[in-house]
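No lab work stands behind these numbers, since they all come straight from the coordinates. All of these numbers come straight from a predicted model, not from anything done at the bench. So basically every Cβ, Gly included, is an ideal-geometry build from the backbone, and we count neighbours across all protein chains shown.
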Amino acid sequence: MPSGKIKKLVRDRAFGFISVPDSKDIFFHQNSLVDIKFEDLNEGQGVEFETERSPKGVRAVNIRVVK
């Protein structure tokens, strides 16, 4: 399962980007979070996730915070 860190949160639009070493940043939406609320995320927080293709490119899904 890939891992990375929350790079940017756009709170008023409920999405953000995950920074992944040696890769482009990956988009995610709050609906893709597992066991955490979007409001509780912080930039720099470690996460694990899966990816899927969407009409606009790759996005992160099934995102879990790394403890």
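Contact order, relative form, for the chain: 33 percent (alpha carbon pairs under 8 Å, 6 or more residues apart, mean separation divided by residue count). Using only alpha-carbon positions in the chain, the gyration tensor eigenvalues give semi-axes of 16, 14, 12 Å once each is multiplied by 5 and square-rooted (largest first). Within the shell of other residues whose beta carbon sits under 14 angstrom from the beta carbon of Asp25, the net charge comes to +4, with Lys and Arg scored +1 and Asp and Glu -1.
Counting charges near Gly46 (Lys, Arg +1; Asp, Glu -1) among other residues having Cβ under 11 Å from its Cβ returns a value of +2.
Out of all DSSP beta bridges in the chain, what portion is antiparallel? Express it as a percent rounded to 5. So the antiparallel bridges amount to about 90 percent of the total.
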